[in-house]
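In what follows, a single structure is set out as structure tokens and then discussed.
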Amino acid sequence: VNGEFNWDKYLQQTGMKAAPLECFKQRSDVIPLVNKFQKSQKLETTDARNPSAISVATIVDMQGPRLRLSLDGTDGCNDFWRLCDSKDIFPLGTCSAHGGLLQPPLGFKKNVSNWPSFLQRTLQGADQADSSCFLQEPDGPGSNIFEIGMKIEATDRKNPQLICPATVGNVERDQIFISFDGWRGAFDYWVPFDSRDIYPVGWCSVNNHALQPPGVKGENPIVTDKLRHLAEKSKRQTRSVTNQLEPKPTIQKETAAPSGPTKPLRR
Ligand code: MLZ
């Protein structure tokens, strides 16, 4: 699925570490999410651009456990992706069961006064996603334990169909800065540590989702120096750990008792 890109090799080459699973809301790096949804099914979802409103959407594409949703009544320019265990998607009928009203989406093509009749038509005989498709969103980790320099997989928010290798470029309270490997910073963004747009290394491969290879525009200038420093530090740590594993010499060089004659050798 991931074509040429090989995380193991890449981590080795760069001397960097993958962020541990405990950092993520998306912990499943070994168990794939089961996506039982099908294209063209309808569901209810919060509007990505207006999260207080719930609208009707159609699944227009899928990649692994991700669904591309198009809000009914819009032109598709503001489609967005959700995981099949997102807490922001619901079976049809959920809104009214809770006494709510489905809202016309931002970008509704018609006059808002046409919404009730449009809604009725769009729901009539709709191919609806069964409630068994909707999975429970996992609990997030309680706190931000990401560290600068950790490698992750992240959604490219400018091309949200893409997931790309990235580096934690900075950490600030509950936010982390996503820095895409091999791009110059135009795609980078801050995100809460429990975001659904970041995944552990290996997530794409396990979940049958394409992973883009890193760009070829060199290292990210924002993090380059920090990362170089961290890479050096982690190499040094690895070395000193290795040293500790080797049997310690019983006699240190500087304090070593002379093994030869007690008097210094004359040269
Ligand atoms: N073809 C597009 C995709 C960029 C993807 C970057 N992802 C971090 C471009 O070159 O702009």
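Fully extending the segment from PHE5 to TRP190 would add 64.1 nm, taking 0.36 nm per residue of separation and subtracting the current Cα-Cα distance.
Proximity of backbone amide H atoms, modeled 1.01 Å from N, is registered between ALA18 and LYS151 at under 5 Å, excluding neighbours fewer than 5 places apart on the same chain.
Using the Cα coordinates of segment 7-138, the gyration tensor eigenvalues translate into equivalent-ellipsoid semi-axes of 34, 16, 13 Å, sorted from longest to shortest. Between the listed residues SER86, GLY100, TYR10, the Cα displaced farthest toward the positive end of the dipole of segment 1-100, a dipole computed from Cβ unit charges relative to the Cα centre, is found at TYR10. Under the simplified labelling scheme, the ARG157-ASP130 pair shows an inter-label distance of 3.7 nm, with each label point 7 Å from Cα along Cα→Cβ.
No value in this document is a laboratory result; all are computed from the given coordinates. Since we're looking at a predicted model, the values are computed, not measured. A quick note on method: Cβ atoms are made from the backbone with ideal geometry, for glycine too, and the neighbour counts reach across all protein chains shown.
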